[in-house]
Amino acid sequence: MTTAKSTTSPQTDAPGSSLILLDNVKKYYYMGNQEVRALDGVTVSFAQGDFWAIMGPSGSGKSTMLNILGCLDHPTSGRFVLDGYDASDLDDDERSELRLRRLGFIFQSFNLIPQLTVQENIELPLYYLGYEAERSARRAEELADMVGLADRLAHRPMELSGGQQQRVAVARSLANDPAVLLADEPTGNLDSSTGVAIMELLADLNRQGKTIVMVTHEQNIAAYAACRMHMLDGKIDRIEGVDEPEITSPPPLPNSAEGSR
Ligand SMILES: Nc1ncnc2c1ncn2[C@@H]1O[C@H](COP(=O)(O)OP(=O)(O)O)[C@@H](O)[C@H]1O
Ligand SMILES: [Mg+2]
C-alpha cells in the first residue's frame, strides 16, 4: 500500500480548533445538458470536538456533503480542508488513504460483513492499516467492551439484533481512532428506543472529545447534536447552536434613549 506521508499525522488536536473547512464548495452534476447543483457554494467550518447534525429535505445536498467530508467524492470547485490537509484535489488513492487513517463511518444499514465475526469486523480497518494480529485483537476487544459487546466477539452479525449490529459498526468506526466520525442516518434502521441507545453512545463519544458529523432527518435525533445545519437546494439555509463569533472590540454602548430610562 502506498503511504502518503501527508495523511499520517494529525495537524490539529486542541478542542475548538478548526478541523474541517469548506470554502465555497460546489458540486455540480451534469445529466445530458441539465446541470444539477447538488452543493451550490457551501462555506462552513467544523471545530475539533463538535457534534453536528446535517438536516434538510430530500435532495437538498446532505449526502453530497457527507460524501465530500468522507473523501468519497471531490468538489467541482471550492476548497475542502480536513485535519490540516487540503483535500480539494486529492486523487482516488490519496482520498482512500485519508479515509483509512483519519475517518470513521457509520451507516444506516450497518454495513457489516456477514461472513466475519464481530471481532473480525471491528478489526477490518486495522488489517488494512497493517496492524500486527495481537495488537489488532486487543484493540477490537477494548472497543467491543466499550460498546457493551465484550461477550459477543465470536458471533456473526446475523446472530445480533439491529442495535447490537450498529454497536459493532460504531466500534469498527473507532478502530483507527479517527479525527472525525461521519454518520449517515445512524438510527434510520432502528426502533426508537434502540435508536436512543445508539445516540447515547455517540453523545458519550462526543463528550470524550470525538468530533461527529451526522446526517439525519429526525428532529429528536438531531437534538443530540449541539450544532445543527439545515440544507436547502444545495445551500446552507441556516445554522443553529454555533456560538456567535468572539467579540474582539467592546460592544457599542446602549443608545441614549435606553441609557437614560
Ligand atoms: N451521482 C449523481 N448524479 C446526478 N445527480 C445527483 C447525483 N447525486 C446526487 N444528485 C442530485 O443532487 C441533489 C442532492 O442530492 P443528495 O446530496 O443525495 O441529497 P440528500 O442527501 O439531501 O437527499 C439531488 O438533486 C440529486 O438528485
Ligand atoms: Mg441522502
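Any read-out appearing in this document is the output of simple, stated calculations on the displayed coordinates, not a laboratory observation. Note that the structure is a prediction, hence the values are computed from the model and not measured. Backbone-built Cβ (ideal geometry, glycine too); neighbour counts: all protein chains shown.
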Exercise. Of all residues in the stretch 16-39 being within 16 Å of ligand 2 (Cβ to nearest atom) and of a type outside the set (S, T, Y), which is surrounded by the most Cβ atoms within 10 Å (Cβ to Cβ)?
Worked result: L39
For this session: Among the residues of the stretch 70-91, write down those that are at negative phi, more than 16 Å from ligand 2 (Cβ to nearest atom) and either in contact with a helix residue (DSSP H, G or I) (Cβ under 8 Å, 6 or more places away or on another chain) or part of a helix (DSSP H, G or I) (or both).
Result: H74, P75, F80, L82, Y85, A87, L90
Exercise. When both residues are 6+ apart or on different chains and their Cβ atoms are under 8 Å apart, which pairs have a first residue that lies in the stretch 56-69 and is part of a helix (DSSP H, G or I), and a second that is acidic (D, E) and more than 6 Å from ligand 1 (Cβ to nearest atom)?
Worked result: S63/D184; T64/D73; L66/D184; N67/D73
For this session: Give the number of residues within the stretch 43-98 that are within 12 Å of ligand 1 (Cβ to nearest atom) and more than 18 Å from A179 (Cβ to Cβ).
Result: 12
Problem set entry | Only one of R238, R207 that is closer than 18 Å to P178 by Cα and basic (K, R) | R207
Problem set entry | Selection status of E94, closer than 27 Å to M199 by Cβ and outside any loop (DSSP other than H, G, I, E, B) | no
